[in-house]
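A quick write-up on the structure given underneath.
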Amino acid sequence: MIKLKTPITEEKIRSLKVGDVVSLSGVFITARDAAHKYMIDEWLDKEPRGEDAELRAILGPLLDGGVIYHCGPVVRQDEKGKWHFVAAGPTTSAREEPYQHRVIGQLGVRAVIGKGGMGEMTLDACVKHGAVYLHAVGGAASLIAQQVVEVEDVYKTEFGLPEAFWRIRVEDFQCVVTMDSHGESLHKKVLQDSRKRYEEIFGA
Amino acid sequence: MKTIPELSDWALELIRLASTRLPADIRESLAKGRASEVENSPAAATLGTILENIDLAEKLSTPICQDTGTPVFYVQHPWDFPAAQFKAAFTEAVKVATTKNYLRPNAVDSITGKNSGDNTGDHFPAVYFEQWDREDEVRVDLMLKGGGSENTGAQYALPHAGLGAGRDLDGVRKVILDAVVNAQGKGCGPAVLAVCIGGDRSSGYALAKKQILRPLGDKNPDPVLAALEDEITEKANSLGIGPMGFGGMTTVLGTKITSAHRVPASFFVSIIYMCWAARKQAMIIRGGEVSYD
């Protein structure tokens, strides 16, 4: 088990290989569909202004060398107004494929956690900029929520609670490297092998 | 049939059970899958995590998966039946379940993008009624269908030139397994595959989805479909996709197939992919008493 703490250096990321089991501690930012579209539209496609510039000033330093978690949690707010994660497994990452490479390249994100893997554009960005894709177990939501020790803040709740940016502190959050900065992807390999097996079955 | 004052409380318990407790047959099948995988392999570790999570969710009464999906209620009822009261009770129960964190607020307005915040909206939750011949008995089956797995569902029109799939059972085999290859780990396998051969575009998907309600171990009364179900499961598990697409032998827990007559021009095969967190729960109301299957 390789222990990593945020922010993560490029050197550390480059040392990781597909199949490595890592344990992360530090700060994650959750971002899924609405949040990725927002980062591209309001931060990267134009010079952010007003509230958008303020949010980038808050999240930018956390994303630089940081971790994005593809997750739309079930959350609970206590009497004091403090949020807690109740269930928080990963969501399907493939939907962020059109955006992820730019978020990695232009915001300096070092690790993306999700499920199901991502495509060529993201893999290229991992190679070019020094980043990895980490796989958590899809659906293991009650278990994963135990690793979230604190919800530090939440932004853009107008996207809906599952789609907001949640700033969380985690301890010993375990996942597996399935796409590395050397161009290896477990997802690519399993897809190729299973397609080959399919063709064998039907004698194509 | 009289109205039932406790109905929304009963429906709330139905939702809690569905969200936090996985059916025993699915859990057993996952445990069997873990035992069949190579010791210390990513597949075995993934199934171990899944089983640990299932037990924890039941113990803490928290959702098995954070994507509590679309709540789909299937109601079978006698001829004199207060359908509107049941629908209202489900809507109320879904709202309360959301405040209790059994459900994530999941209903998003498709035009404005706004989340309603309480899991209600146009055609949300989904409720389907069907009359049966029992006099004083209502059965409600609730399914929580997550979005990741729903996205990997597929509908094929045969013939399919790209796959060389013709209008016969061999063509049906080709498209079902193609859907499994395309899904990879995106739909959170190991999956339950639910299929309808025939029908039209809407009845095909609707009939396929209902197949998920069948217990894993049941036998299709149609011997041709029974054999096809076993064959698809076996072939899918030889693809090497494995739990969460990590590689391995446990790709599909079971296959459930039905068929419907079609018009001569159309031959649809509709495939619903159900994630390993196949959350479903039945509630039976008989003689004014409720029980949960």
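Here are the numbers for this structure:
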item	result
Sum of -39500 (n - 2.57) over DSSP H runs of 4+, divided by residues of chain A (222 nm, nearest 500)	-9500 deg cm²/dmol
Cα-Cα separations in the range B:148-274 greater than 21 Å, expressed as whole percent	32 percent
Within the range A:14-32, backbone nitrogen closer than 17 Å to the virtual label 7 Å beyond the Cα of A:Val149 toward Cβ	A:23-29
10 Å Cβ neighbours from other chains, averaged over peptide A:189-199	6
Across chain B: Cys residues that no other cysteine approaches within a C-beta distance under 4.7 Å	B:Cys65, B:Cys196
Peptide B:57-65 - average C-beta neighbours from other chains (10 Å radius)	6
Contact surface A-B: accessible area buried, both sides summed, square angstrom, 1.4 angstrom probe	3300 Å²
Rounded, prolate or oblate (a/c below 1.5 giving rounded, otherwise prolate when a/b exceeds b/c) for the protein assembly as shown by Cα gyration tensor	oblate
From the C-alpha gyration tensor of chain B, square roots of 5λ in Å	31, 24, 18
The range B:234-256-the range B:184-214 distance, computed between alpha-carbon centres (Å)	16 Å
Inter-chain shielding of A:68-76 (mean C-beta neighbours from other protein chains, 10 Å cut-off)	4
Span per principal axis, largest first, for the Cα atoms of the range B:231-293 (Å)	49, 40, 17
Listed residues B:Phe268, B:Phe90 arranged by accessible area, highest first, probe 1.4 Å	B:Phe268, B:Phe90
Packing rank of B:113-125, B:134-146, where each peptide gets the mean count of other beta carbons within 10 Å, highest leading	B:134-146, B:113-125
Candidates A:Val21, A:Val190, A:Val149, ranked by Gaussian network fluctuation over chain A, Cα under 10 Å, top entry	A:Val190
Cα-derived Rg over Rh, computed across the range B:1-151 with Rh taken as Kirkwood radius	1.04
Per-residue [θ]222 nm for chain B (sum of -39500 (n - 2.57) over DSSP H runs n ≥ 4, rounded to 500)	-11500 deg cm²/dmol
Span from the the range A:1-30 Cα centroid across to the the range A:78-136 one, whole angstrom	13 Å
Summed residue charge, Cβ within 12 Å of A:Ser23's Cβ, Lys/Arg positive, Asp/Glu negative	-1
Cross-link pairs beyond the 20 Å C-alpha cut-off, checked among A:Lys12/A:Lys156; A:Lys196/B:Lys235; B:Lys145/B:Lys174; B:Lys32/B:Lys210; A:Lys188/B:Lys32	A:Lys12/A:Lys156; B:Lys145/B:Lys174; B:Lys32/B:Lys210; A:Lys188/B:Lys32
Protection-proxy order for peptides A:53-59, A:4-10, each taking the mean of Cβ atoms within 10 Å per residue, highest first	A:4-10, A:53-59
For the range A:107-204, fraction of C-alpha pairs farther apart than 24 Å, in %	40 percent
For the range A:2-201, diffusion coefficient by Stokes-Einstein and Kirkwood Rh (Cα), 37 °C, 0.692 mPa s, µm²/s	193 µm²/s
Surface accessible to a 1.4 Å probe, A:Lys189 within the full protein complex, Å²	110 Å²
Computed over the range B:25-69, Kirkwood Rh from alpha-carbon pairs, angstrom	11.2 Å
Ranked order, B:Tyr102, B:Tyr128 - accessible area, probe 1.4 Å, largest first	B:Tyr128, B:Tyr102
The range A:2-201: relative contact order as a whole-number percent, Cα under 8 Å and 6+ apart	29 percent
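The values are calculated or read from the model by the stated rules, or taken from the named source; none is laboratory data. Everything numeric in this text was worked out from a predicted model, so none of it was measured. Methodologically, a virtual Cβ is constructed for each residue, glycine included, from the backbone with ideal geometry; neighbour enumeration extends over all protein chains shown. For accessibility, only protein heavy atoms count, side chains too; no ligands or nucleic acids. Shrake-Rupley method; radii C 1.70, N 1.55, O 1.52, S 1.80 Å.
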